[in-house]
Amino acid sequence: MCAAGDRADTRLLCWRMQNPLPERQADRTVLLLAAMLAGLAMLGPFSIDTYMPSFPEIEQTFNVTPQQMQLTLSAYLATFSIMTLFHGAISDSFGRRRVILVNLAVFVAATIGCAVAQDFSQLLLFRALQGLAGGAGMGVGRAMPASTPIPPGTTACRAREKSEVDFPVDPFRKARLLVCCYLATI
């Protein structure tokens, strides 16, 4: 039906025939996807940025040294970076929605655990659990746009191609480009 050598307008028409969503629904879907990707991508860095200013108070609460406090950051970053490598493959195997929901539940539970930790070892454990779950936003966030159908030759398609090249430099670029593409089509 649609060949690879067809002109861009023919490919776009073929894509619209195969994806019969109304134009407004497609625009809302792209906007929702961009917002969700931005939220998932910011979850991990946000939990570091909001946590670091409270180091002195946490040191006093648990009566630990600054070096011990840095262990909580190391535990978070180690598990975050390791699981970032695996969340994309796990989401391909078990489904992106399931992986996102499970990891969000684990992240929320670990955050509550950090807030109610009775001693330093519990805090360290819950920070490591936060890192395990926080890496899902980056891994699954990379996998989702790659499998989302976008019409070839459109601004959104070019933005996705560019963001896939630049993604390691700026994790929020993908979401920003999708939002900009959406706003440009209004």
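The values are calculated or read from the model by the stated rules, or taken from the named source; none is laboratory data. All of these numbers come straight from a predicted model, not from anything done at the bench. Glycine gets a Cβ as well: all are built from the backbone with ideal geometry, and neighbour counts include every protein chain shown.
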Report summary line: A careful count of residues in the stretch 40-90 that are closer than 21 Å to ALA115 by Cβ and small (Gly, Ala, Ser) gives 5
Query - Number of the condition not met by ALA4 [criteria: (1) at pLDDT 70 or above; (2) surrounded by fewer than 17 Cβ atoms within 10 Å (Cβ to Cβ); (3) more than 20 Å from the chain's Cα centre (by Cα)] - result: (1)
Requested in this report: Give the stretch 54-98 a look and list any residue that's among the aliphatic types (A, V, I, L, M) and under 19 Å from ALA128 (Cβ atoms), or say none.
Outcome: ILE58, VAL64, MET69, LEU71, LEU73, ALA75, LEU77, ALA78, ILE82, MET83, LEU85, ILE90
Query - One residue from ALA35, ALA26 being modelled with pLDDT of 75 or more and in a helix (DSSP H, G or I) - result: ALA35
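May I ask you to list the residues in the stretch 79-103 that are of a type in the set (A, V, I, L, M, F, W, C), under 14 Å from SER47 (Cβ atoms) and modelled with pLDDT of 90 or more?
The one that is of a type in the set (A, V, I, L, M, F, W, C), under 14 Å from SER47 (Cβ atoms) and modelled with pLDDT of 90 or more: PHE80.
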